[in-house]
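The values are calculated or read from the model by the stated rules, or taken from the named source; none is laboratory data. For clarity, every value in this text was computed on a predicted model and none was experimentally measured. When we count neighbours, we look across all protein chains shown, and the Cβ atoms used for this are built from the backbone with ideal geometry, even at glycine. Note: areas computed on protein heavy atoms with side chains; ligands, DNA, RNA excluded. Shrake-Rupley method; radii C 1.70, N 1.55, O 1.52, S 1.80 Å.
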Amino acid sequence: METVWTDLLCIGAGLAGERVAIEVSTAGFQSICLSIVPPRRSHSSAAQGGMQASLGNCCMGEADCPDTHFQDTVKGSDWGCDQEVARLFVETAPEAVREMAFWGIPWNRIVPGKSVYFKGGKPYEKTESEENEGLITARGFGGTAKWRACYTSDGTGHTLLYTMDNKVVELGVTVHDRTEAISLIHDGETCIGAVARCLKTGRLRAYLARATLIATGGYGKIYRESTNAVINEGGGALIALDTEIVPIGNPEAVQFHPTGIVPTNILVTEGCRGDGGTLLDVNEERFMHEYEPEKAELASRDVVSRWMIHHIRRGLGVKSDHGDHLWLDIRHLGAEHIKTKLREVEEICNNFLGVDPITQLIPVRPAQHYSMGGVRTDKDGAAYGLKGLFAAGEAACWDLHGFNRLGGNSLAETVVAGKIVGKKIVAFLQGSESKYDTALIKGAVIKNQERIDGMISGRAGHENVFEIRNAMQDVLMERVGIFRNGKDLQKAVDSLQGLHEKSRRVGLRSNGRGANPELSLALKIQGMVRLALCVAYAALKRTESRGCHAREDFEARNDRDWLNRTLATWREGSDLPTLNYEAASKVVELAPGDRGYGVCKIISCDGEIIGA
Amino acid sequence: MGRELTFHIFRYDPEDPDSIPHTDIFIMEEKENMTLFIALTQIREEQDPSLQFDFCCRAGICGSCAMVINGRPGLACKTLTRELPKEITLMPLPVFKLIADLSVDTGAWFRAMNEKVGSWIHTSKKFDPSAREERMDNALAEEIYELERCVECGCCVAACGTANMREDFVGAVAMNRIARFMMDPRDERTEDEYFEVIGTDEGIFGCMGLLACEDVCPKNIPLQDQLGILRRKMGWNTVKHLFRFGSS
């Protein structure tokens, strides 16, 4: 069996993984990145609208500063985030944006003079100063007090990822693409690498590393309707869960993005609304300003998604063969704006919908979009429970986002966390040596080979892996969506437990040779169902509403009992996760209060009932 | 009731000793707004779970799913079946190493290309974390972005006459990348240094001007213009060198 040694093993080569690898390589250590796709195809590339950093260059962002960004982020999280992490993040973000500029991002820049912008469908005038000409500009996004999202048209993730990977190529960092980590190698105390399957040949390899990083992105594909790429199946989260030690933080915190197109759930950026686009109902009338007089279309994603569903439930959605939807209107922004600032949106609408957004309305509906939950780490990015294991980006619960992430904070998180966690890993590598227990490594490889052989021979059973996956996606979609209640959540848990039982008995219908795609899914399916159970069970147990977690049977945010973070672990042989809880934030800089948007109904820490 | 579609799909898995190159036929009913992503996923789930192909973003953004669709390279995820006849032939991209069936190794090819052209900002400056960013004209930023939109899908390479005949030809994608950096004031490379990279038969002078690259580019990048501009610049560079050589 092939064995590869390195200082740092980065599982995942999207923005977060590569940023960490760059930091570690620059310090003189060896890193190897594993990626299930060529790195430039990572889902980071699909981020469109922007990266938040309080540069305060543009006139609509004047006087912006890390403090304001901090407040927006904490309110956005509905006080679920770790405030120390949020503070660290907002302070580092401006430097991170400038560093990416230095490495080659063609950020959109300030053009001095008067120009028209739209808000709520109405035109207003703004004047950019001569003095700031050519500095990095920004656009508005949901839940922010200032225009803060730095962008390159609506291909911000694409330019960031290409520039990051350019840096990786420049530094000569090794990337093993089409390689999927299928389990971590650990002795219950220390992680020493991973067993991986080559997706070119199907062969197993052992990677041994002094530090291992999980940066595999989110797990949106456990839901049926998701904006996520097909690769976002939670590969990193499920191998962490499989250790029985490392917890998944806040699995129930699942973000739905207001504007997935109907029916393919492809994302159109929040930048559409940030730039002045509006949401319309069946009568082609705006409605968000009735629910949110202050923020209207630009309230946070959880709030906008809820009002959209509420509005559809009132019978004001547009009927279609693919279910009810609403309209996104960007026509008034004009052809020039759409063709320069919203190019991907124009292309996606024309191509997948046959809709020209310059003259026609875009059919939209909320779709699963982001996993706030992930491998729980401390503020240095070190995973709970295992020494030598780290996580960053969407795969991690660092926890910057709490129960709702603000648009533009995820791209920023990948780069900022990559920088910060990278430095911490360098310090860790400088002070550590590893002992490699060959029996442990061999055991891990044999165990995985036996799993594979069992699935190919049909020894384990003959359950169809695609059927289990599809059933799991349906359960989450139907019972663990935007609005949740105890009855549905209990049904979801029951159904998922049945699927978990089936997932033990998967047998392949094909021969499993080479980079067989059925085997790739079969190796993940049990972990995916366990993740789904973590989501559903944690949602069932959290008897309050916070951010994206909206319980119809517990409508108030309950700071007295639930100002905390779920930590889900999985014990082998069990059919449910074990849930523990920790305080949401050790340091409280901004005390819990009203977000300023959404329904304000709070049971305060003292038990006082605030709001309706 | 939709049309009955017949897919003729190239099959071969070099990792399977029993596999020989052949074509498999799959029949399915067409649905409204069906893309090749939807169709191929359904074939894998319902008819042959061993079928290998690559999809990732399924939104025309990541460049994973390029293949030869009825003789023409294109992104499968954004190809609607209604734009195709009911007989659909799918082949893997040529030029790139075959992994299996419709899946080819674009990752290794593009990494080598990026190394070869030095696809990064070459600068002698050090990043100063405390300084404000350097200014740039927004129009220039937008011009750079225009070329930066390339998704490295490989369509232009697969459609290129020279690339199909000669393994060492860098392809329109590499030329476009060089053009992107030449336009960027942050990159300190001189014209001579760029000439070193692409002023050869492997580079701009190997281009036969057939321009299928531009025809098939799914992101509509103006490759023809860039190839023309580069050829002119690199041509002048040759002349300048001849002149300097002659007068010394």
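Looking at (1) more than 14 Å from every other protein chain (Cβ to nearest Cβ); (2) open to solvent by 10 Å² or more (accessible area, probe 1.4 Å), which is the one condition that is false for A:Cys81?
Failed condition: (2).
Condition (residue is assigned to a helix (DSSP H, G or I), closer than 25 Å to B:Ser130 by Cβ, within 14 Å of chain B (Cβ to nearest Cβ) and open to solvent by 30 Å² or more (accessible area, probe 1.4 Å)) applied to segment A:29-45: is it met by at least one residue? Quick ask: steps written out before the conclusion?
At the first step, the residues of segment A:29-45 found to be assigned to a helix (DSSP H, G or I) are A:39-41, A:43-45.
When the remaining residues are screened for being closer than 25 Å to B:Ser130 by Cβ, the result is none.
No, every residue in segment A:29-45 fails to be assigned to a helix (DSSP H, G or I), closer than 25 Å to B:Ser130 by Cβ, within 14 Å of chain B (Cβ to nearest Cβ) and open to solvent by 30 Å² or more (accessible area, probe 1.4 Å).
Quick grid of which residues meet (1) more than 24 Å from B:Leu210 (Cα to Cα); (2) touching a residue at least 12 places away in the same chain (Cβ under 8 Å); (3) more than 8 Å from chain A (Cβ to nearest Cβ); (4) out of contact with any strand residue (DSSP E or B) (no Cβ under 8 Å at 6 or more places or on another chain):
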{"residue": "B:Tyr145", "(1), (2), (3), (4)": "yes, no, no, yes"}
{"residue": "B:Glu152", "(1), (2), (3), (4)": "no, yes, no, yes"}
{"residue": "B:Val157", "(1), (2), (3), (4)": "no, yes, yes, yes"}
{"residue": "B:Arg166", "(1), (2), (3), (4)": "no, yes, yes, yes"}
{"residue": "B:Ala172", "(1), (2), (3), (4)": "no, yes, yes, yes"}
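Among the residues of segment B:10-19, are any away from chain A (no Cβ under 11 Å) and under 23 Å from the mean Cα position of the chain (by Cα)? Steps first, answer last, please.
The initial filter retains those residues of segment B:10-19 that are away from chain A (no Cβ under 11 Å), namely B:10-11.
Right, trim to under 23 Å from the mean Cα position of the chain (by Cα) and you get B:10-11.
Within segment B:10-19, one or more residues are away from chain A (no Cβ under 11 Å) and under 23 Å from the mean Cα position of the chain (by Cα).
Take the conditions basic (Lys, Arg), within 10 Å of chain A (Cβ to nearest Cβ) and open to solvent by 30 Å² or more (accessible area, probe 1.4 Å) and apply them to B:Lys126. Does it pass?
Working: basic (Lys, Arg): yes; within 10 Å of chain A (Cβ to nearest Cβ): yes; open to solvent by 30 Å² or more (accessible area, probe 1.4 Å): yes.
Taking the combined requirement at face value, the residue satisfies it.
Got a sec? Which helices (runs of 4 or more DSSP H) wholly within segment A:437-551 have at least 2 residues that are open to solvent by less than 50 Å² (accessible area, probe 1.4 Å) and free of Cβ contacts under 8 Å to residues at least 12 places away in the same chain?
Working: elements: A:438-457, A:465-479, A:486-503, A:517-541.
Result: A:438-457, A:486-503.
For B:Pro85, are the conditions met, namely being open to solvent by 10 Å² or more (accessible area, probe 1.4 Å), within 30 Å of B:Glu32 (Cα to Cα) and touching a residue at least 12 places away in the same chain (Cβ under 8 Å)? Break it down into steps so the answer makes sense when it comes.
Values: open to solvent by 10 Å² or more (accessible area, probe 1.4 Å): yes; within 30 Å of B:Glu32 (Cα to Cα): yes; touching a residue at least 12 places away in the same chain (Cβ under 8 Å): yes.
So B:Pro85 passes the test.
The rows are residues; the columns are (1) in contact (Cβ under 8 Å) with a residue 12 or more places away in the chain; (2) more than 10 Å from every other protein chain (Cβ to nearest Cβ); (3) under 22 Å from A:Asp177 (Cα atoms).
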residue	(1), (2), (3)
B:Pro49	no, no, no
B:Cys57	yes, no, yes
B:Ile61	yes, no, yes
B:Ser64	yes, no, yes
B:Ile69	yes, yes, no
B:Cys77	yes, no, yes
B:Pro92	yes, yes, yes
B:Ile99	yes, no, yes
B:Val104	yes, yes, yes
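In segment A:92-125, how many residues are away from chain B (no Cβ under 12 Å) and open to solvent by 50 Å² or more (accessible area, probe 1.4 Å)? It would help to see each step written out before you state the result.
Of the residues in segment A:92-125, the ones away from chain B (no Cβ under 12 Å) are A:93, A:114, A:116-125.
Now restrict to residues that are open to solvent by 50 Å² or more (accessible area, probe 1.4 Å): A:114, A:116, A:119, A:122-125.
Result for segment A:92-125: 7.
Could you please let me know if A:Arg331 is within 22 Å of A:Phe118 (Cβ to Cβ), modelled with pLDDT under 95 and of a type in the set (Lys, Arg)? Before the answer, list the steps.
On the way: within 22 Å of A:Phe118 (Cβ to Cβ): yes; modelled with pLDDT under 95: no; of a type in the set (Lys, Arg): yes.
Criteria not met by A:Arg331.
Out of segment B:8-52, which residues are open to solvent by less than 30 Å² (accessible area, probe 1.4 Å) and among the hydrophobic types (A, V, I, L, M, F, W, C)?
Hits for segment B:8-52 are B:Ile9, B:Phe26, B:Met28, B:Met34, B:Leu36, B:Ala39, B:Leu40, B:Ile43, B:Leu51.
Return the pair list, or none, for Cβ contacts closer than 6 Å from residues in segment A:563-590 that are among the basic types (Lys, Arg) to residues that are at pLDDT 95 or above and not in a strand (DSSP E or B), at least 6 apart or on different chains.
So the pair list comes out as A:Arg565/A:Asn250; A:Arg565/A:Ala584; A:Arg571/A:Glu244.
Taking A:Ala21 as meeting all but one of (1) open to solvent by 10 Å² or more (accessible area, probe 1.4 Å); (2) of a type in the set (A, V, I, L, M, F, W, C); (3) outside any loop (DSSP other than H, G, I, E, B), write down the number of the exception.
Result: A:Ala21 passes all but (1).
Looking at the structure I just gave you, is A:Val421 outside any helix (DSSP H, G or I), open to solvent by less than 40 Å² (accessible area, probe 1.4 Å) and more than 27 Å from A:Arg571 (Cβ to Cβ)?
no
Looking at segment A:194-250 only, could you name the residues that are surrounded by fewer than 23 Cβ atoms within 10 Å (Cβ to Cβ), hydroxyl-bearing (Ser, Thr, Tyr) and more than 14 Å from chain B (Cβ to nearest Cβ)?
A:Thr243
Does A:Val254 qualify as being touching a strand residue (DSSP E or B) at 6+ places or on another chain (Cβ under 8 Å), more than 14 Å from chain B (Cβ to nearest Cβ) and open to solvent by 20 Å² or more (accessible area, probe 1.4 Å)?
Details: touching a strand residue (DSSP E or B) at 6+ places or on another chain (Cβ under 8 Å): yes; more than 14 Å from chain B (Cβ to nearest Cβ): yes; open to solvent by 20 Å² or more (accessible area, probe 1.4 Å): no.
When the stated conditions are applied, A:Val254 does not pass them.
Does A:Cys191 satisfy being within 14 Å of chain B (Cβ to nearest Cβ) and of a type in the set (A, V, I, L, M, F, W, C)?
Values: within 14 Å of chain B (Cβ to nearest Cβ): no; of a type in the set (A, V, I, L, M, F, W, C): yes.
When the stated conditions are applied, A:Cys191 does not pass them.
Which residues, counting only those in segment A:144-191, are open to solvent by 10 Å² or more (accessible area, probe 1.4 Å), hydrophobic (A, V, I, L, M, F, W, C) and touching a Gly at 6+ places or on another chain (Cβ under 6 Å)?
Correct list: A:Trp147 only.
Determine whether segment A:177-186 contains at least one residue that is small (Gly, Ala, Ser) and under 21 Å from the mean Cα position of the chain (by Cα). Working first, answer last.
Let us first name the residues in segment A:177-186 that are small (Gly, Ala, Ser), namely A:181, A:183.
With the extra rule that they be under 21 Å from the mean Cα position of the chain (by Cα), the set shrinks to A:181.
The answer is yes, given that some residue of segment A:177-186 is small (Gly, Ala, Ser) and under 21 Å from the mean Cα position of the chain (by Cα).
Only one of these is open to solvent by less than 10 Å² (accessible area, probe 1.4 Å) and under 20 Å from the mean Cα position of the chain (by Cα): A:Gly388, A:Gly402. Name it.
On the way: A:Gly388 fails: under 20 Å from the mean Cα position of the chain (by Cα).
Only one candidate qualifies: A:Gly402.
Which of the residues spanning segment B:194-248 are free of Cβ contacts under 8 Å to residues at least 60 places away in the same chain, under 20 Å from B:Cys155 (Cα atoms), open to solvent by 20 Å² or more (accessible area, probe 1.4 Å) and assigned to a helix (DSSP H, G or I)? Even if it seems obvious, please write down each step before you answer.
Of the residues in segment B:194-248, the ones free of Cβ contacts under 8 Å to residues at least 60 places away in the same chain are B:194-196, B:199-215, B:220, B:224-225, B:227-248.
If we keep only those that are under 20 Å from B:Cys155 (Cα atoms) too, we end up with B:202-204, B:206-215, B:220, B:224-225, B:227-228.
Imposing the further condition that a residue be open to solvent by 20 Å² or more (accessible area, probe 1.4 Å) reduces the set to B:202, B:207-212, B:214-215, B:220, B:224-225, B:228.
Residues satisfying the conditions are B:Ala212, B:Glu214, B:Asp215, B:Gln224, B:Asp225, B:Gly228.
May I ask you to list the residues in segment A:158-184 that are of a type in the set (S, T, N, Q) and over 18 Å from A:Pro517 (Cα atoms)? Lay out the reasoning, then the answer.
Our first condition is that a residue be of a type in the set (S, T, N, Q); within segment A:158-184, this holds for A:159, A:163, A:166, A:174, A:179, A:183.
Hits for segment A:158-184 are A:Thr159, A:Thr163, A:Asn166, A:Thr174.
Report yes if B:Arg186 is among the basic types (Lys, Arg) and surrounded by 21 or more Cβ atoms within 10 Å (Cβ to Cβ), otherwise no. Break it down into steps so the answer makes sense when it comes.
Details: among the basic types (Lys, Arg): yes; surrounded by 21 or more Cβ atoms within 10 Å (Cβ to Cβ): no.
Against the criterion (among the basic types (Lys, Arg) and surrounded by 21 or more Cβ atoms within 10 Å (Cβ to Cβ)), B:Arg186 does not qualify.
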